[in-house]
Amino acid sequence: MIRCLALIAGATISAAQQISVPPTVPYVLVHGEATISARPDRVQLDVGVVSQSATSQAAAELNAKESNTVIDALRGVLPAGNIRTVNFSVNPNYQYPKDGSPPTIQGYTATNTVRLELDDLDLLGKLIGAATRAGASNVNRVNFMLHDESKARAEALGKAADQARAGAAALADRLHVKLGRLLRVEEEQPVIVSPGRQVELAAAAKVGATATTPIEPGSIDVHASVSLTFEVGQ
């Protein structure tokens, strides 16, 4: 009688001791993997406004005025709930004398960065263009992602399970045994969702160019791996 048959990734044998089923039960252990590619349907980007002035208060006030102009323009494209401030700072600008004497402050720089979330990727160019025309200094990143990963995860797991079941059926058919009950289902590792493409845009001139130049989001790979244990009989 066949006590244990194991198929891992198509042909790799796995030790029977790794399976928590009674050793008197003939079984086959099969492994399945699947990777699906999903098109991103959400994008995040950071828009920064940088202002300089002689005093910290003047720099902060100027930055507030310029930031409000940019944010008002962004609200013409996005709901207010999709815009949030992630960083604000006011820092001195130091000048370091060549003779090694103590540095002196030559003004202040105020920076305000807001993070935007957009679910309609077709509006990305319009959004960047609106920020640029309103006076944004930079776009720190354009990060593509999935709005809801659960559907892609489920699809990858389902395809991995289909592959494992097909492997079990093929093995049983070739060895002339009967595939019986499904004894165990195990997700071998958490579903891996590869990070989406991230585009860096630093200079305002580059930002202006992207208002008319399409940015391709690429795809996000979702990988799943499962093991199935089936009872077998003669």
Largest-first ranking of ASP122, ASP162, ASP221 by accessible area, probe 1.4 Å, whole protein assembly kept, is ASP122, ASP162, ASP221
Where VAL185, VAL28 fall by accessible area, highest first, once all protein chains stay in place (1.4 Å): VAL185, VAL28
Would you list ILE71, ILE192 from the most to the least accessible area, probe 1.4 Å? ILE192, ILE71
Heavy-atom accessible area of ARG165 with all protein chains present, probe 1.4 Å, nearest 10 Å²? 120
With every protein chain present, what accessible area does LYS178 have (1.4 Å probe, heavy atoms only), rounded to the nearest 10 Å²? 140
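How many Å² of accessible area per residue for the range 68-182, probe 1.4 Å?
Heavy-atom accessible area per residue stands at 58 Å².
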With +1 at each Lys and Arg Cβ and -1 at each Asp and Glu Cβ, the charge dipole magnitude of the range 90-149 around its Cα centre, to the nearest 20 debye, comes out at 480
Roughly how far apart, in whole Å, are the Cα centres of the range 175-193 and the range 62-102? 54
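The values are calculated or read from the model by the stated rules, or taken from the named source; none is laboratory data. Owing to the predicted nature of the structure, the values given are computational and were not obtained by experimental measurement. Because the Cβ atoms are built from the backbone with ideal geometry, glycine has one as well, and the counts that use them run over all protein chains shown. We work out accessible area using only protein heavy atoms, side chains counted, and drop any ligands, DNA or RNA first. Shrake-Rupley method; radii C 1.70, N 1.55, O 1.52, S 1.80 Å.
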